[in-house]
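Heads up: the structure comes next, in structure tokens.
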Amino acid sequence: MPTIKPNKSEEIINKIFKGRDLYYGLKEFDKLDIVDILYISEDEPHRFYIKDLKSGNKKFVYDEEKDTSKPEEIVRQLWIYKLNKLYQYPLDRIETEKSVHFGQNVYARTDIIVYKKDKITPYIVVEVKNPSEKKGVDQLKSYLSAEGCEIGIWSNGNNKVILYRPYPKEYQDSLSDIPKEDQVIDDLFEVKKVWTQLDPRFDFIHIIDRIRELAMAGSGADVFEEIFKIIYAKLYDEKLARERRERQEVIFRKYQDPQKTYDVINELFKSAIKEWPDTFELSEKIRISPDRLNICVPFLEVIRLFDTGLAEYEIIDSSFEYLITEVAKGNKGQYFTPRYVIKMCVKMLNPKPEENVIDPACGSGGFLLHAMYYVWENYLKNASAQRDYAGKHLFGLDFDDNMRRISQALMLIAGDGKHHIFKRNSLDARDWQGTEAEDSRHALRSLLLPLENPSDNKENQLTFRKLKFDVLLTNPPFAGENPEQGLLRQYDLAKKNGGLRNNVERHILFIERSLDAIVPGGRLAIVLPQGVLNNTNMEYVRNWLFGKGRILAVVGLHGNTFKPHTGTKTSVLFLQKWEEKDLSAEASAKADYPIFMAVSKKSGKDSSGEYVYKKDANGNYVYDANGRKVLDHDLDQISDAFIKFAKEQDFSFWR
């Protein structure tokens, strides 16, 4: 009787799927006992084979000496198990590596085919890839056409795409799941979903990519606008499900009739506009066709946006960053602040749970989001307190619709359906008057700084210029000058010798606006072009700053930090506004005190703007606790050095 070799599945799967780009590469199957399902043995010295669940034959998966592997074979075996055990398709209706004929002398092999009950007619085709593979959906489409299958699955172990070809139609539709053996496709459209059953873990970049590729391509629609309309409809449906509907049923789902799908989701979107004003015009509607919307919905209907974990917020944040790069914005000087720069700024200023935080040029909301992460991780462990903080203490202003919608969506998700992100021109006090500014005035009225002079106080209630925020974090747009006289008259930094300077760049005005927005003793971090702190013609700005607050730190960022969007060399200025009891403005400007100075030598990017990741002594990528590659930058060391300096200097916010 032959000796049964020990099952090495746990050991070999760990070697194949950890330590490289395939780290955590089997999320699709995380509810399965993978080690128990698969049998992997060492059939030759240092060469490991997996037992095929269909045929019982051995298939190569790993060579220990050469460090080569076939992770896609692991993915295939797990799909065979799912099809057989979870979806109840008998093994005699499942075939692997079937040749597909595409024309004269052109063949390919499908990974898995499931037949209908006649065991002749192809029903489902499965194309598996290794977890680092992102492409292959086009190949799946060709298999659907060649075999005449109704359903196609593309899976890399982390994500999946399910295509549905409703014969005799030629276009590819999509599904969020496949029917079980005793179901038909139409049954899927009758299954009601409840909010608690939705999955809070997902790859949002994958979802956005698939929507763009399968539904938006060739539509002529504004991809950013339409995706965000769908996201807002999804958010509103989840809000209603949690707060008002019996059994928390969600209605954001695919229906058999594309027109019904469109009607339901467009109505959700229209209601979302009323619930959250200042996101879209009331007259807006979803502008892609019902058929195209029907393709989008399955990718979103199974995920949960509210009440997700911190890691998922970061995934959504990075996904929106990825999406916005497709929107032309260079002509406005706008670009995303790398998240590791944001984390450094937040960590150094150490916001507390009772403090109010603002970004007057919030863009996608990165500073606000990471201030929230920081407070959650360091001060608030209770979920209710976390949601309360997000909904009460974080404020953002921006005039750009696309960027603002990102921050609004992120803060809606984090703040349990509430946000304080407003469409306002931060620089112009005139923009705070009129009916359009009513919501923002109402939200910020309690944060107006009381002024001793009654006339000044009355004017401030109109202009909302002097505020009492504790922390301000911002990366204002650099490009563009402001020659408009009515705007320049509002700023001391725009005045010279009793008149006005001819042109003043916007970031100079943002410096003054930012100081006005924080309470005496409040602190700020602002990203500025390096020239503001170095050039001789900017000396007047530096002198003005010395009179307004204590310079806490200046961190010079690497020239690659903001590439590929811009090559402008930048620094981050950290400042604490003088308390009223502190020195007079004249004495403050002459005060002698140490300033923390640092220059980043590792930017986390190369000269083309591609991210650079850390590697260990063996040349393998380094991963964090969540399985993400670690960027090779030095801003964590800089922030740690500043904190040590701040404690030595007895800064009030680090006591």
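A few remarks follow.
- Principal-axis tilt of helix 258-275 within the chain, Cα atoms, nearest 10 degrees: 20
- Selection among Gln256, Ile227, Ile273 by position relative to the dipole of the range 219-294 gives Gln256 as farthest towards the positive end (Cβ unit charges, Cα centre).
- Ranked packing of 109-122, 355-368, most packed first, by mean Cβ within 10 Å: 355-368, 109-122
- Within the chain, helix-based [θ] at 222 nm, where runs of 4 or more DSSP H residues each add -39,500 (n - 2.57), nearest 500: -10500 deg cm²/dmol
- On Cα atoms only, tilt of 454-463 relative to the major axis of the chain in degrees: 30
- Packing-based ranking, highest mean first, of 453-461, 293-301 given that Cβ atoms within 10 Å are counted: 293-301, 453-461
- Loop-located GluC sites (Glu not before Pro) in the range 27-80 whose Cβ has at most 10 other Cβ within 10 Å (DSSP): Glu65
- Along each principal axis, Cα extent of the chain, largest first, Å: 94, 58, 49
- Long pairs among Lys285/Lys418; Lys548/Lys602; Lys119/Lys193; Lys458/Lys647; Lys418/Lys466, criterion Cα-Cα beyond 30 Å: Lys548/Lys602; Lys119/Lys193; Lys458/Lys647
- Inter-label distance, nm, simple model (7 Å from Cα along the C-beta direction), Ile4/Leu91: 1.5
- Whichever aspartates and glutamates have a C-alpha closer than 15 Å to that of Lys27, once near sequence neighbours (fewer than 8 apart) are set aside: Glu72, Glu133, Asp199, Asp203, Glu312
- Label positions at Ile251 and Glu459, each projected 7 Å from the Cα along the C-beta direction, are separated by 5.2 nm.
- Over 31 Å (Cα to Cα) - which of Lys5/Lys180; Lys8/Lys605; Lys577/Lys605; Lys15/Lys614; Lys129/Lys260 fall in this group: Lys5/Lys180; Lys8/Lys605; Lys577/Lys605; Lys129/Lys260
- Nearest-ten-degree value, helix 506-517 long axis tilted from longest Cα axis of the chain: 80
- Rounded to 5, the percent of DSSP beta bridges in the chain classed as antiparallel: 70
- Applied to the range 227-238, the Karplus parametrisation 6.51 cos²θ - 1.76 cosθ + 1.60 on θ = phi - 60° returns per-residue 3J(HN,Hα) values of 5, 6, 4, 5, 5, 5, 4, 4, 4, 5, 4, 5 Hz, with x for Gly and Pro.
- Listed residues Thr68, Phe299, Ser440: farthest to the positive end of the dipole of the chain (Cβ charges): Ser440
- Percent RCO, i.e. relative contact order, over the chain, from Cα pairs under 8 Å lying at least 6 residues apart: 8
- Assuming charge only on the beta carbon of Lys and Arg (+1) and of Asp and Glu (-1), the dipole of the chain about its Cα centre is about 580 debye to the nearest 20.
- Other residues whose C-beta falls under 13 angstrom from the C-beta of Leu557 contribute a net charge of +4, scoring Lys and Arg +1 and Asp and Glu -1.
- Positive contributions from Lys and Arg (+1) and negative ones from Asp and Glu (-1), summed over other residues with Cβ under 14 Å from the Cβ of Asp278, come out at -3.
Just so you know, all these numbers are worked out from the coordinates, no wet-lab data involved. All figures in this text were calculated on a predicted structure; none of them were measured in a lab. Note that we place each Cβ from the backbone using ideal geometry, even for glycine, and neighbour counts take in every protein chain shown.
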